[in-house]
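What follows is a single structure, written as structure tokens, with notes after it.
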Amino acid sequence: MEDRWQASTNFADELDELVYLSNLIGEDATLTQPGGGNSSVKRTERDVVGRSVAVLRVKGSGTDMATIRRSGFSGLRMSDLACIEAQDEMSDENLAKFLGASMLDPHEPSPSIETPLHSLLPFRFIVHTHDFATQALTDTERPEENVREALGEIAAYVAYVHPGFPLARAVARLGPMPAGKRGLVLGRHGLVAWGDSAHSCYANLHRLVSQAESFVEDRRDPARRFEARTAVNPSAETGRRAAERLLPGLRARLSGTKRVILHLDDSPEARAFAGDERAPALAERGMSTPEHILRCGRVAHHVSADLSALEPAAADDRLSDSLSRFAGTYRELFERHRPAEQMLDPVPRVVVLPGVGIVTSGRSKSAAILANLSYRHVIRVMEAAEALGGFRFLDEQQAVEFEYWPLELVKLNVPQRELSGQVALVTGAASGIGRAIAERLVAEQAHVVLTDVREEALRNTAAEIGAACKDPSRVHAVVADASRPQDAAAAVAEAVLAFGGLDILVANAGYLEAGPLEDLSEEVWDRHFDVNVKGCFLAAREAVKVMKAQGNGGVILLNASKGAFAPTVSNAAYASSKAAVAALARNLATELAPDGIRVNYFNADFVDTPLMRSLIAQRAALKGISLEAQEQEYRARNLLGVGPIPPSAVAEAALFLVSPRSKYTTGAVLPIDGGIKEAMPR
């Protein structure tokens, strides 16, 4: 373990020390994964009436050690927590209520379920990590012996018990810790280190982890590293092409009542594990700590075939059969243990694909990435534990019990936004209507791929939307010309490889160059049809392939215009191309309805976009009038006398047409134009 403590660090108080200690540990991927781990400090504070109170400050539930700040720690009265020691048993629900009642400020984050462990250990600073080395010691047939051999007398050991109150009681039964102990190894559950200061706590952690790492490394056989050992190892590019074909169908099979988002890890390390002859058996043995069950499920699923070497139809059948067997086994396991009234979806959250890599799923991209990081950590533990006699985790009943832990199942019922788990592709998204639609979809928790020909503007838009939703992993940018087949294919491929599939296509990219007929060149005419019509066709053609592979339908939304319905002056190319877009939408709605794919379009006019502002300036110059006068002409032609219409109004209409609220609507147009009689569909 690298010692990263900066000796020159200055702290305002003990809580500042704890923040620094927590961040230092959280930023080290060898010690804990995002959202995992724990830390605390015991100190004196003032309550709301000014009394001096002994307080435990402990990491709040759901916070991340790498980024936690002072406000992320919950404060609990030590006098209240002392009452826990007198209890022989306490349910998780009652413990959660008791901890809530012990808080100084009920508006702070809920305290960790491991709070009792932190309160009963009499040390000022405490950290709980999930480093791979001490996990490797205990995820074996002889955990206590390995801990004794590796760490000697500097660490205590407690066999696995369920986290929360049971773990705290088990540690309490060990009695007072001898003076020489620097930490406590929790069987199959990580490492606890302590100290009278943040620095001494970190120093003890460093010594324990480093000593365990040396012990493991001395016994590791380099020849037994994970390695793909198939007769012909496919290239990374071959594996990626296979993933592009497989992921939409896999995503459909891993989704329950709501779509999931996938993350593909086709790194050399992931592909080496996927192809190793030991991987099928190791995957069945489970995870490395209970926390990893929460992120990765009870076990990973290894597909016993190199799907990249099979024809697409054969690969899909093999994948389907494999997942069906997993579901059958899962149902049998549930009936055997009956851990809850309702069974979770019988699907794995980690799928190991020889020749391709490791695929993880989650409600969001960040959750799927976290599952991947966690399982990569599990793989490292597996490899080390194999050198210590063989990797073993919890028995079946213990693992099932943790998978159905009520305190964690409650989190599955957290309300989701309308487009949670949905993947959308928006063309022409760098500005104007496209950007507004992308922003609105992301606000409803969709994952979005943005395309445009303007690279700098596109990158800036994607970065700003990602920052606004506080999850940049949900937004991808692809520089693409809507009129180029290869660009359309690349954009859809990005949606598949980044998120697992595609549910929504908004074909919005547009081109406009107004002028009288006699001044209109063939090149300008063709450009209108290439971008406005062909762009919709190309995007839809690629999107439909993925939507059909996923099953369960999809949504396509095209951007038409007032010009598609009403005559226009000096704008024949644009209006004609938009009329073709409207016709395309109606035809696609008819063709794709049997597959459950809805196709609608919208008719927007006088929208405040760069394109519209350019047109207004051009027409004002031709007429020799001011911009204000030209805008007034536009307002006068709609019944409501409004405009320029904000792009957000178009985005709201688009959201309705792509959302489940319009699930009975296809082949329809929705005007957003203030009411132009000539353009009213009839």
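The values are calculated or read from the model by the stated rules, or taken from the named source; none is laboratory data. Since the structure is predicted, the reported quantities are computational estimates derived from the model, not experimental observations. In this analysis, Cβ positions are derived from the backbone assuming ideal geometry, glycine residues included, and neighbour counts consider all displayed protein chains. Ligands, DNA and RNA are excluded from the accessible area calculation, which covers all protein heavy atoms including side chains. Shrake-Rupley method; radii C 1.70, N 1.55, O 1.52, S 1.80 Å.
Which residues, counting only those in the range 1-47, are open to solvent by 50 Å² or more (accessible area, probe 1.4 Å), more than 22 Å from the chain's Cα centre (by Cα) and among the hydrophobic types (A, V, I, L, M, F, W, C)?
Residues satisfying the conditions are ALA7, PHE11, ALA12.
Select the strands (runs of 3 or more DSSP E) contained entirely in the range 474-570, then report the ones holding at least 2 residues which are open to solvent by 20 Å² or more (accessible area, probe 1.4 Å), at pLDDT 95 or above and in contact with an Asp or Glu (Cβ under 9 Å, 6 or more places away or on another chain).
Filter on the range 474-570 gives 475-479.
Being in contact with a strand residue (DSSP E or B) (Cβ under 9 Å, 6 or more places away or on another chain) and loosely packed, with under 12 Cβ neighbours inside 10 Å is the filter here; which residues of the range 74-97 pass it?
SER79
Of all the helices (runs of 4 or more DSSP H) wholly in the range 40-151, which have at least 3 residues that are closer than 21 Å to GLU27 by Cα? Explain how you work it out, then say what you get.
Details: elements: 78-81, 92-101, 115-120, 132-138, 143-151.
The helices (runs of 4 or more DSSP H) meeting that bar are 132-138.
Suppose we filter the range 269-317 for residues that are among the acidic types (Asp, Glu) and open to solvent by less than 10 Å² (accessible area, probe 1.4 Å); how many remain?
If we filter the range 269-317 for residues that are among the acidic types (Asp, Glu), which is where we start, we get 269, 276-277, 284, 291, 306, 311, 316-317.
Those still in the list that are open to solvent by less than 10 Å² (accessible area, probe 1.4 Å) too: 276.
Matching residues across the range 269-317 total 1.
Within the range 607-633, how many residues turn out to be in contact with an Asp or Glu (Cβ under 9 Å, 6 or more places away or on another chain) and within 24 Å of SER648 (Cα to Cα)?
3
Can you tell me which of GLY667, GLY624 is under 22 Å from GLU513 (Cα atoms) and of a type outside the set (S, T, N, Q)? Reasoning before the result, please.
On the way: GLY667 fails: under 22 Å from GLU513 (Cα atoms).
None of the others qualify; the one that does is GLY624.
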